[in-house]
Ligand SMILES: Cc1cc2nc3c(=O)[nH]c(=O)nc-3n(C[C@H](O)[C@H](O)[C@H](O)COP(=O)(O)OP(=O)(O)OC[C@H]3O[C@@H](n4cnc5c(N)ncnc54)[C@H](O)[C@@H]3O)c2cc1C
């Protein structure tokens with residue numbers, strides 16, 4: 001860019017509109033969890049979000065399934081992630097397989113596959129077919145928004161929606177708050193600890209913390225209504241060869257998707273389409289995000305026309321909505337005090353400072369600590385991991401668990417008068433356990449234990 005291509009912004013004093021112990025930026029799964037956890041641990045917390053609702057990609061991105069919270073033998077992510085599942089379930093906005101259907105004697109049978117596979121609650125990591133049914137929860141996006149808001153309000157978090165993060169306030173090498181853009185102009189929000197839960201590392205990058213540039217498939221998620229799912233499933237199992245051929249044609253139109261291009265939702269007759277998978281779009285660039293919206297809608301419109309004409313159960317189908325947030329899975333990734341690798345995830349490596357876990361992978365506290373800036377924590381899909389490792393460890397429950405641990409860490413640092421880098425990790429682990437979560441510090445029989453400090 002040359003000088004004539006740019007304009008200068010006038011410098012102006014920015015009013016401080018809020019001061020609290022902890023400032024969490026980003027009201028997605030990790031941010032909600034962090035703010036609630038901090039407030040429940042006795043410190044004042046402010047939560048900043050650009051959109052008018054909470055939930056991030058889980059709600060605005062219309063993600064359907066809370067997964068990666070169950071391994072071969074147990075529910076591995078509990079704590080606040082399980083709390084949100086139960087809150088949505090109580091409202092009738094979340095569906096999960098009961099324990100009887102997850103029993104090892106039946107969970108990998110054809111009957112269970114037929115009953116549960118169109119809910120997306122199966123273990124796609126196994127190579128055996130049918131994939132076994134596991135604990136995972138298919139939920140409604142509006143249910144996630146409501147449950148998040150309830151948790152935030154009940155915990156007494158100071159919520160500031162409609163506020164776009166703009167820059168980090170750094171004083172003497174410490175994060176001391178953030179500046180946001182609003183309809184009222186720029187506003188400053190001060191705090192003694194800042195938690196970056198933007199998913200794109202906006203806060204840490206602005207504070208000059210090092211990061212890696214990641215990228216992955218992008219999706220414009222949509223929901224289709226007016227679907228007779230019983231008829232569609234009768235066709236799938238009654239005429240498998242014709243189904244397979246039509247499914248192949250549908251997938252050619254989509255140009256990239258997982259095994260199933262539609263899944264059931266808690267709302268009858270409405271299905272969820274986690275497709276298309278599109279490559280070559282940068283989730284940090286306005287032009288690419290705009291292009292992805294146009295291309296995704298074009299492909300899905302063509303798919304719906306094909307499905308209405310050809311696929312039993314879809315004759316009267318119509319679009320309910322496209323997700324208000326573009327489905328960006330990976331952008332900037334923190335290059336923190338420890339960088340989690342694909343091998344760490346695959347080999348189920350435990351760390352002495354594991355503070356949370358996903359399916360059967362573990363997050364060291366160091367992977368939430370940026371280099372070169374104090375009093376800043378990072379929680380969520382932009383945590384310190386290689387791009388390959390993040391692809392395997394970015395699901396909603398582990399991101400919530402990371403937020404839960406970050407909220408505890410912030411509160412404990414402030415309580416004991418140390419920086420977040422100096423906080424006693426064993427105390428975070430103890431409190432995670434007290435909150436019903438598994439910090440992942442006790443290795444299972446089949447796990448490797450990292451020796452590195
Ligand atoms: C298409 C798609 C399908 C997926 N499917 C699944 C699935 O089936 N199951 C599963 O568990 N996971 C799934 N995931 C992954 C999962 O949704 C994300 O990894 C998870 O939501 C990450 O949570 P987060 O809180 O770290 O980030 P996000 O969900 O991205 O939340 C970040 C929050 O920060 C806010 N924010 C960002 N920038 C700013 C700013 N500048 N100012 C203010 N606020 C800001 C955002 O608005 C958002 O609320 C999917 C993801 C995608 C894209």
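Between the helical axis of 229-238 and the dominant principal axis of the chain, each derived from Cα atoms, what acute angle in degrees is found, rounded to the nearest 10?
Helix 229-238 sits at roughly 60 degrees to that axis.
Taking the radius of gyration and the Kirkwood hydrodynamic radius from Cα positions alone, what is the Rg/Rh ratio for the chain, to two decimal places?
Numbers: Rg = 22.1 Å, Rh = 22.6 Å.
Reported Rg/Rh, Kirkwood definition of Rh: 0.98.
Name the residues of the range 282-325 whose amide N is less than 18 Å from a point 7 angstrom out from the Cα of residue 252 along the C-beta direction?
299-312
So what is the diffusion coefficient of the range 304-402 in µm² per second by Stokes-Einstein at 25 °C and 0.890 mPa s, using a Kirkwood Rh over Cα pairs?
Values: Rh = 15.5 Å.
Estimated via Stokes-Einstein, D reaches 158 µm²/s.
In whole Å, largest first, what are the principal axis extents of the Cα atoms in the range 276-329?
That works out to 39, 19, 17 Å along the principal axes.
What do you get for the angle between helix 286-310 and the principal long axis of the chain? Use alpha-carbon atoms, 0 to 90 degrees, nearest ten.
Orientation of helix 286-310: about 20 degrees from the principal axis.
With r as the distance between the Cβ atoms of residue 347 and residue 430 and R0 = 30 Å, compute the FRET efficiency 1/(1 + (r/R0)^6) and round to 0.05.
Values: r = 26 Å, r/R0 = 0.87.
Using R0 = 30 Å, I get an efficiency of 0.70.
Using Cβ contacts closer than 10 Å as the measure, can you line up 213, 404, 231 from fewest to most? Present the calculation step by step, with values, prior to reporting the outcome.
Working: 213 11, 404 33, 231 15.
Placing the least packed residue first, the sequence is 213, 231, 404.
Distance from the Cα centre of the range 134-201 to that of the range 204-232, in angstrom?
19 Å
How large is the helix-only mean residue ellipticity at 222 nm for the chain, computed as the sum of -39500 (n - 2.57) over DSSP H runs with n ≥ 4, divided by its residue count, in deg cm²/dmol to the nearest 500? If you can, show how the numbers build up before the last one.
On the way: 12 runs with 141 residues, N = 453.
Mean residue ellipticity, 222 nm, calculated: -9500 deg cm²/dmol.
Cα convex hull of the range 1-138: mean projected area in nm², to one decimal? Don't skip to the end; give the middle numbers.
Values: hull surface 56.5 nm².
If I average the Cα hull's projected area over directions, I get 14.1 nm².
Under 8 Å for C-alpha pairs, at least 6 residues apart: give me the relative contact order for the chain, rounded to a whole percent. Each step should come with its number before you reach the end.
Values: 1055 pairs, mean separation 99.6, N = 453.
22 percent.
Would you mind giving the average projected area, over all directions, of the Cα convex hull of the range 338-453 in nm² with one decimal?
On the way: hull surface 26.5 nm².
Directional mean of the projected Cα hull area for the range 338-453 stands at 6.6 nm².
Hey, with R₀ at 30 Å, roughly what FRET efficiency would residue 109 and residue 228 work out to, going by the Cβ-Cβ distance, to 0.05? Don't jump to the answer; show the numbers that get you there.
Values: r = 26 Å, r/R0 = 0.85.
Efficiency, from the Cβ-Cβ distance: 0.75.
Note the angle between two axes, namely the Cα long axis of helix 29-40 and the longest principal axis of the Cα atoms of the chain, as a number of degrees from 0 to 90, rounded to the nearest 10.
Result, in degrees: 50.
Quote the convex hull volume per residue of the range 145-265, based on C-alpha atoms, as a whole number of Å³. Please list the in-between numbers first.
Details: hull volume 23.0 nm³, N = 121.
Spelled out: Cα convex hull of the range 145-265, divided by residues, is 190 Å³.
Cα-based Rg (one decimal) and Dmax (whole number) for the range 217-328, in Å?
14.1, 46
Dimensions of the range 90-163 along principal axes (Cα, Å, largest first)?
48, 24, 17
Among DSSP beta bridges lying fully in the chain, give the percent that are antiparallel, nearest 5.
Numbers: 35 of 56 bridges.
DSSP beta bridges in the chain are roughly 60 percent antiparallel.
Using only the Cα atoms of the range 16-88, build the gyration tensor, take square roots of its eigenvalues as a ≥ b ≥ c, and label the shape rounded, prolate or oblate: rounded if a/c is under 1.5, else prolate if a/b is larger than b/c, else oblate. If you can, show how the numbers build up before the last one.
Values: a/c = 3.12, a/b = 1.58, b/c = 1.97.
Oblate, since a/c reaches 1.5 and b/c is not below a/b.
Bear in mind these aren't lab numbers, they're just calculated from the coordinates by the rules spelled out. Model, not experiment: these values are computed from the prediction. Reconstructed Cβ throughout: ideal geometry from the backbone, glycine too, with neighbour counts over all protein chains shown.
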